[in-house]
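In what follows, a single structure is set out as structure tokens and then discussed.
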Amino acid sequence: MAWTNRITRRALLIGAGVAAGAAIGATLVERALRHAPEGTSAGPPYGIDNWPGLDWHLFSESSPWVAPLDKTSVDPRSDVYISSLVSDGPPAPAGPKQLSGWGFPLYFGRATDPLYQIVLRETRFTYGQHIDGLRIHAPSGMQPSNLSDGVVYVIDQVDGYTYRFRLTVVDDTARTISAWHAFRLETYGSGFNTVEEPPTGLLPIRPEELAAGYVNHTVGLHAKCLSGHSVAPYEGSGTKGKQCVPTDAASRLSMGNVVFLDLTDEQIDALSIPMWQKAICKGLADHGALVGFNGSGSWTLTFEAPQDRTAYGEPNPYTALGLPPTLDYANALDEIGGWGAHLKVLARFPRPR
């Protein structure tokens, strides 16, 4: 993977924030101007009253989940994998149920927030053993995504780690975060931790990014079926994904694959589609989507869950930014041949050391 100087991209993001000011509002634009990448602002830590700006992401500038892709490096079986992906149908839309139910809520812990003890129900994996019983800073009132996965992300700005919990129960009285399993990553690190962990180098698409027209990091991709094994840079991962039929072993994407759009930003800008769809397409073109989940009816991407704002009395950020109630991007590329004509699979790359 290759990367370029991101000063230009930062200027683009700030410009996007200014251009979208009418839809986003002055507060968001001011935040975009105020916050440097990686949360290095001299202002107060992030929280519900100080939300990250447009160019914020969880990873370091050299992380493969932030650095622009080398799109000349394509997997030799790319066409086979993409054909199987799109055979399941176009990307599934994300409406209120999907955003709140399957989205990833982000919660920022500060030194002034209470300490919650992590209680894991499954600790056979090393990555869970590392954190079971730890106490981390998190805001009171957190709500998990409300369908079966029950996901919570806690970015503890005191210890410098980001924690992802699954099947989560938050007890504000006992000050516990109970989960089936969980792992942590160093915030603003490479996006990797132990070799056993599932594909983790991803951040959900944020509503501010959609409104401003650019997603500046790799996102997660949900597929219907996978090959049943993992590949570099996750060839050692205990998370393999599931096959639908035995032939998926040779024809389907694997955990760890990165899918991208073989289009330029200029080609995407020329499309007669809404700004928020261009944001998704540009993110996929520059940073791609990491295959990390399966079991969906078709394929889809990961989005931020609105309850990380609504739980604290803030409006639904998607609605507040003028985004449609259902994010349906199935037809975004119809005028140039559809998704299957432009999606490719990146060649496997070494795990960063």
Quiz item: Near residue 242, which lysines are there with a Cα under 18 Å away, not counting those fewer than 8 places off in the same chain?
Solution: 224
Practice problem: Rounded to whole Å and sorted largest first, list the principal axis extents of the Cα atoms in the range 159-229. | Solution: 41, 35, 26
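When the Kirkwood hydrodynamic radius is evaluated over all pairs of different C-alpha atoms of the range 279-353, what value in angstrom, to one decimal, is obtained?
Details: mean 1/r = 0.0648 Å⁻¹.
After inverting the pairwise mean of 1/r, the radius is 15.4 Å.
Among 249-262, 231-244, 65-78, how do they line up by average Cβ neighbours within 10 Å per residue, starting with the highest? It would help to have the intermediate numbers written out before the result.
Numbers: 249-262: 22.2, 231-244: 18.3, 65-78: 16.7.
Descending mean neighbour count gives 249-262, 231-244, 65-78.
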Practice problem: May I ask you to compute the full-extension gain from residue 196 to residue 121, defined as 0.36 nm times their residue separation minus their alpha-carbon distance, rounded to one decimal in nm? | Solution: 25.2 nm
Quiz item: Size of the range 85-154 along its principal axes in angstrom, Cα-based, largest extent first?
Solution: 45, 30, 16
Practice problem: Please build a GNM for the chain, connecting alpha carbons under 10 Å apart, and tell me which residue among 317, 274, 306 fluctuates the most. | Solution: 274
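Would you calculate the volume per residue, in Å³, of the smallest convex hull containing every Cα atom of the range 92-214?
Values: hull volume 15.6 nm³, N = 123.
Per residue, the Cα convex hull of the range 92-214 comes to 127 Å³.
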Practice problem: State the cysteines of the chain left without a partner when partners are defined as other cysteines whose beta carbon lies under 4.7 Å away. | Solution: 281
Quiz item: What's the center-to-center distance, using Cα atoms, between the range 101-127 and the range 236-303 in Å?
Solution: 26
Exercise. Between 311, 94, 174, find the one with the highest GNM mean-square fluctuation for the chain; connect C-alpha pairs within less than 10 Å.
Key: 174
Quiz prompt | Within straight-line cross-link reach of residue 71, lysines at Cα separation under 18 Å, skipping those fewer than 8 residues along the same chain | solution = 282, 344
Quiz item: Considering the chain as a Gaussian network with a 10 Å cut-off on Cα pairs, which listed residue, 334, 88, 265, attains the greatest mean-square fluctuation?
Solution: 334
Quiz prompt | the range 198-353 - Rg over Rh from alpha carbon coordinates, Kirkwood radius | solution = 0.99
Practice problem: Convert 20 °C to kelvin, take the viscosity as 1.002 mPa s, use the Kirkwood radius over C-alpha pairs of the range 215-305 as Rh, and evaluate the Stokes-Einstein diffusion coefficient in µm²/s, rounded to a whole number. | Solution: 154
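The numbers here are math on the coordinates, done by the rules we state, and not lab data. In this text the structure is predicted, and so the values were computed from the model without any measurement. Cβ sites come from the backbone with ideal geometry, for glycine too, and all protein chains shown count toward neighbours.
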